[in-house]
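Q: Starting off with a structure, shown below.
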Amino acid sequence: MEQQGEKPVVSVIVPVYGVEQYLEKSVSSIVDQTYQALDIVLVDDGSPDNCPALCDAWAERDNRIRVVHKVNGGLGSARNAGLDIAYGTYVCFIDSDDYIEPDMIETMTRQALSHQAQMVICGTINERYDCGKYSLLGTNTMTFAATECNDEVKSLIPTLMQSSYCIPAWNKLYWKAFLDECKARFDETVNVGEDSLFNVSLYTNLDRLVCIPDAAYHYISRSGSLCNRFNPRWFIDRRKLYAHERVLLRDWSDQALNLFANEFVFQTGVILSFLYEDCSKETKRLRRAMIQTIADDELVKQVCREIQTAGLRNEITKRVLDTNNPLILSAYGWAVAFVKRIRGGR
């Protein structure tokens, strides 16, 4: 099934885990879309809270909603489970603690049809959720002429990287036939960076890309979210991700390669600081081994030799990493974490 009336169906895939406080707002923003030809797939990724029951209740209220209950496998696994059963002409991914503007899907689908686009990107509204309140952090918008060939897409990647449009899966509408042609699936072996590897693989084959100027996706930062909790596999996964990106991007511009190298350096610096932001006994136990791993890593050394750093923070991080000295890396991580605590987590 691909059509409801004359409108193409859009499959909306929502991975759900540990978000019972936010799920109502997220799903409501989807079912209340001005574009109603939706196939909504809620994927309960073995959530330990009340989310499984909430998902089932939503399915009883709206016949466009289907629920998948599965053993916990992580974000990539949940998205893949949704992709496996999605029947829409187009697909989008919404994180279950975020929400979207009422006309987001309609606007993006209209542009996809108008340009026969394989991918449509929208702007974002960045918010923070704390103590039951949402506060605006800023908006992120841009626009450019629709592309018609892969060379045009590749030429835009540096701009998309600098504006944070390039990496996320959640600010995009995908033509499902294109995903199927590329055999696109999320890597289930990593805990961070799934979006980057998924999209970079697509960019190497993408011809028709459209960007709308609307800030339509509300991205929520909150202290308990997965991206704000330390994970001992972070560096291993980030390294694997970047090594794969280097292979995929080897025929791209030097500017694009350098921007991805800067992202790797930035994320490695973040990992060092998180070792001191998370004060659990387990994290303390892991610090020395992880810092030594980063100091000894050959890919880190190679990037430090090659990179042209973008911004003062990355320049400082690169110089710290370039020492290969665990004591200096440790001091840097502690200092960044200390400054962030003083600034209230920013």
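The values are calculated or read from the model by the stated rules, or taken from the named source; none is laboratory data. In this text the structure is predicted, and so the values were computed from the model without any measurement. Positions of Cβ are backbone-derived with ideal geometry, glycine not excepted, and every protein chain shown enters the neighbour counts.
Q: In region 121-138, is there at least one residue being free of Cβ contacts under 8 Å to residues at least 12 places away in the same chain and either hydroxyl-bearing (Ser, Thr, Tyr) or crowded, with 16+ Cβ neighbours inside 10 Å (or both)?
A: yes
Q: Could you identify the single residue in 275, 329, 286, 257 that is over 19 Å from residue 193 (Cα atoms), crowded, with 17+ Cβ neighbours inside 10 Å, of a type in the set (A, V, I, L, M, F, W, C) and not assigned by TED's automatic domain parsing to the domain that holds residue 152?
A: 329
Matching residues to (1) hydrophobic (A, V, I, L, M, F, W, C); (2) over 29 Å from residue 72 (Cα atoms):
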{"residue": "117", "(1), (2)": "yes, yes"}
{"residue": "128", "(1), (2)": "no, no"}
{"residue": "131", "(1), (2)": "yes, no"}
{"residue": "142", "(1), (2)": "yes, yes"}
{"residue": "150", "(1), (2)": "no, yes"}
{"residue": "162", "(1), (2)": "no, yes"}
{"residue": "174", "(1), (2)": "no, no"}
{"residue": "197", "(1), (2)": "yes, no"}
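Q: Can you pull out the residues in region 37-57 that are surrounded by fewer than 15 Cβ atoms within 10 Å (Cβ to Cβ) and assigned to a loop (DSSP other than H, G, I, E, B)?
A: Scanning region 37-57 gives 48, 49, 50.
Yes/no matrix, rows are residues, columns are (1) within 23 Å of residue 298 (Cα to Cα); (2) surrounded by 19 or more Cβ atoms within 10 Å (Cβ to Cβ); (3) modelled with pLDDT of 90 or more; (4) more than 15 Å from the chain's Cα centre (by Cα):
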| position | (1), (2), (3), (4) |
| --- | --- |
| 193 | yes, yes, no, no |
| 201 | no, no, yes, no |
| 205 | no, no, yes, yes |
| 221 | no, no, no, no |
| 227 | no, no, no, no |
| 231 | yes, no, no, yes |
| 235 | yes, yes, yes, yes |
| 240 | yes, no, yes, yes |
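Q: Scan region 9-36 residue by residue and report those that are in a helix (DSSP H, G or I) and closer than 22 Å to residue 222 by Cβ.
A: 23, 24, 25, 26, 27, 28, 29, 30
Q: So how many residues does region 58-73 have that are part of a helix (DSSP H, G or I), loosely packed, with under 14 Cβ neighbours inside 10 Å and of a type in the set (A, V, I, L, M, F, W, C)?
A: 0
Q: So which pairs qualify, if the first residue must be in region 96-109 and closer than 18 Å to residue 128 by Cβ, the second must be part of a loop (DSSP other than H, G, I, E, B), the Cβ gap must be under 6 Å, and the two must be at least 6 apart or on different chains?
A: Filtered contacts from region 96-109: 96/19; 97/19; 97/22.
Q: Return yes when residue 308 is part of a loop (DSSP other than H, G, I, E, B), within 30 Å of residue 155 (Cα to Cα) and not aromatic (Phe, Trp, Tyr) and no when it is not.
A: Yes, satisfied.
Q: Need the failing condition index for residue 90 against (1) buried (at least 19 other Cβ atoms within 10 Å of the Cβ); (2) over 17 Å from the mean Cα position of the chain (by Cα); (3) modelled with pLDDT under 90, just the number.
A: It fails just one condition, (3).
Q: Something else now. Quick check on region 143-169: of everything there that is small (Gly, Ala, Ser) and in contact with a strand residue (DSSP E or B) (Cβ under 8 Å, 6 or more places away or on another chain), which residue is surrounded by the most Cβ atoms within 10 Å (Cβ to Cβ)?
A: 169
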